[in-house]
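Undergrad: After the structure tokens below, expect a handful of questions from me.
The values are calculated or read from the model by the stated rules, or taken from the named source; none is laboratory data. Computed from a predicted structure; not experimentally measured. Methodologically, a virtual Cβ is constructed for each residue, glycine included, from the backbone with ideal geometry; neighbour enumeration extends over all protein chains shown. The protein model used for the area step is the full one, side chains on, heavy atoms only, and it has no ligands, DNA or RNA in it. Shrake-Rupley method; radii C 1.70, N 1.55, O 1.52, S 1.80 Å.
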There are 2 protein chains.
Amino acid sequence: MLPYEHFGYIGAMTDSPNDVTPDRLCKADALPPSDQHAQQYAAVRNAHETELLEDYVELIADLLEHQGEARSTDIAARMGVSQATVSKTVTRLKSLGLVSSKPYRSLFLTEKGEAMAAMSHQRHAIVLQFLRALGVSDRTARIDAEGMEHHVSQETLEIMQRYTREQGRRDA
Amino acid sequence: MLPYEHFGYIGAMTDSPNDVTPDRLCKADALPPSDQHAQQYAAVRNAHETELLEDYVELIADLLEHQGEARSTDIAARMGVSQATVSKTVTRLKSLGLVSSKPYRSLFLTEKGEAMAAMSHQRHAIVLQFLRALGVSDRTARIDAEGMEHHVSQETLEIMQRYTREQGRRDA
DNA sequence: TCTACAAGTTAACCTTGGCTAAAATACTGT
DNA sequence: ACAGTATTTTAGCCAAGGTTAACTTGTAGA
């Protein structure tokens with residue numbers, strides 16, 4: 001069974017179709033020009049390339065901070081993946097100059113890796129806080145943030161940040 | 001050069017670090033339990049599996065609607081990939097029962113494919129409208145929506161929808 | 001100390017999603 | 001009708017990210 005079959009959103013929507021597709025997005029809405037359309041997909045593919053690397057680096061930074069060291073076992077457990085997979089990915093991270101380590105020893109971030117981790121962490125935090133400020137439950141916000149963070153442009157990040165800030169003021 | 005190096009978000013943030021990391025997310029913030037953490041990543045991997053399929057199916061539906069037929073050439077141009085890639089992916093879509101076609105002929109969606117396309121389209125529309133309602137520019141909203149749509153849970157979708165609706169009322 | 005168990009690595013394999021180049025099929029215009 | 005062009009498919013290549021199984025290394029306890 002395909003994952004999407006679990007999603008079951010269609011049923012939940014049929015009662016208010018007008019809210020879903022206002023005029024500017026309904027049937028008559030034309031397709032964007034091919035080249036622009038292609039650029040959108042290219043952006044997504046581009047994001048995919050670094051997504052996993054960012055997740056690793058971010059996780060390694062978190063482990064270093066909270067546990068004092070970053071071990072493959074922990075990464076494997078937290079990523080829900082086998083140790084062999086971690087080992088292979090770490091090799092790649094090393095070849096990209098993001099991570100350093102001696103064989104059979106725990107992992108460290110290079111300067112480049114730390115920069116990436118810091119950026120990733122910021123982005124993650126902004127998206128997570130935004131979702132919570134919107135009213136999304138903590139559990140869901142965490143899951144969604146994990147997936148969304150790599151696809152949010154700087155423009156949108158700034159807007160999310162502003163929203164979160166204003167929302168906080170409103171509560172106070 | 002890694003794609004993330006183009007992003008350059010760190011510089012933009014250093015002036016207001018307090019807005020970025022409030023107490024509950026700052027250094028002291030503990031890691032979630034391993035198994036829950038693993039589930040988050042699993043959810044992302046799961047989304048990745050269907051992402052591309054959904055994009056294809058959604059695009060095929062759009063082409064059928066706006067151009068009357070869905071040809072590999074158009075898909076290749078719009079996705080920004082080679083025709084060979086399209087051909088291979090379409091083979092997979094057929095084996096999954098989402099698309100049907102005769103060799104060297106244009107493509108159709110099965111019932112299952114249409115259901116997926118409809119769901120995908122709805123989700124896409126909700127996210128896009130939400131971003132625009134937030135104040136994101138059209139160009140950016142399109143790009144971000146394309147990447148984000150596959151990672152937004154139903155709970156968040158409903159909240160986005162409500163926000164967009166209320167925002168619309170406020171404007172009126 | 002040395003033996004067992006835990007942790008890390010390596011090898012061999014799979015699928016997906018890209019690519020190019022070449023072959024097969026469909027379409028169009030004279 | 002058929003020659004030439006456009007489209008689609010096939011074959012062979014590659015890298016990424018996953019797996020299991022077997023091997024190496026590190027470490028802690030008797």
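Undergrad: Under 5 Å between amide H atoms, partner at least 5 residues away or on a different chain: which partners does B:ALA70 have, H built in plane at 1.01 Å?
TA: B:LEU107
Undergrad: While we're looking at this one, here's another question. So which residue of A has the beta-carbon closest to the axis that swings A onto B, and how many whole Å away?
TA: Value returned for chain A: A:MET148, 3.
Undergrad: Still on this structure, I have one more. From a point 7 Å beyond the Cα of A:GLU49 in the direction of its Cβ, which residues of the range B:75-101 have a backbone N at a distance under 14 Å?
TA: No residue passes the distance filter.
Undergrad: Over all residues in B:31-42, what is the mean tally of Cβ atoms on other chains that come within 10 Å of each residue's Cβ?
TA: Per residue, the number of nearby Cβ atoms from other chains is 6 on average.
Undergrad: Determine ³J(HN,Hα), in whole Hz, for all residues of the range B:125-130 in sequence, where each value follows from phi through the Karplus function 6.51 cos²θ - 1.76 cosθ + 1.60 and θ = phi - 60°; x replaces Gly and Pro.
TA: 4, 4, 5, 4, 5, 4
Undergrad: Quick one: length gained pulling B:GLU69 to B:ASP29 fully straight, 0.36 nm per residue minus the C-alpha distance?
TA: Here the segment from B:GLU69 to B:ASP29 would lengthen by 9.1 nm.
Undergrad: Give me a single rounded figure for B:104-110: the average over its residues of other chain Cβ atoms within 10 Å of their Cβ.
TA: Mean inter-chain Cβ contacts per residue within 10 Å come to 0.
Undergrad: Given 20 °C and 1.002 mPa s, compute D for the range A:20-152 with the Stokes-Einstein relation, Rh being the Kirkwood radius over Cα pairs; round to the nearest whole µm²/s.
TA: 127
Undergrad: Then there is this: Write down the accessible area per residue of the range A:35-171 in Å², having rolled a 1.4 Å probe over the full set of protein chains. Please list the in-between numbers first.
TA: Values: 6060 Å² over 137 residues.
Accessible area per residue, the range A:35-171: 44 Å².
Undergrad: Averaged over peptide A:156-164, how many Cβ atoms belonging to another chain are found within 10 Å of each residue's Cβ?
TA: For this peptide, the per-residue mean of nearby foreign Cβ atoms is 5.
Undergrad: Buried accessible area for the A:B pair, summed, 1.4 Å probe, in Å² rounded to 100?
TA: On the way: alone 12590 and 12570 Å², together 16780 Å².
Buried surface at the A/B interface: approximately 8400 Å².
Undergrad: Roughly how many nanometres apart are two label points built 7 Å out from the Cα toward the Cβ at A:THR110 and B:LYS102?
TA: The two pseudo-label positions are separated by 5.7 nm.
Undergrad: Give the carbon-plus-sulfur fraction of the accessible surface of the range B:34-171 in %, rounded to a whole number; probe 1.4 Å, heavy atoms of protein chains only.
TA: 47
Undergrad: Run through the other copies and list how far each one's label point is from that of B:GLN83, in nm with one decimal, shortest first; the point sits 7 Å from Cα along Cα-Cβ.
TA: 5.0
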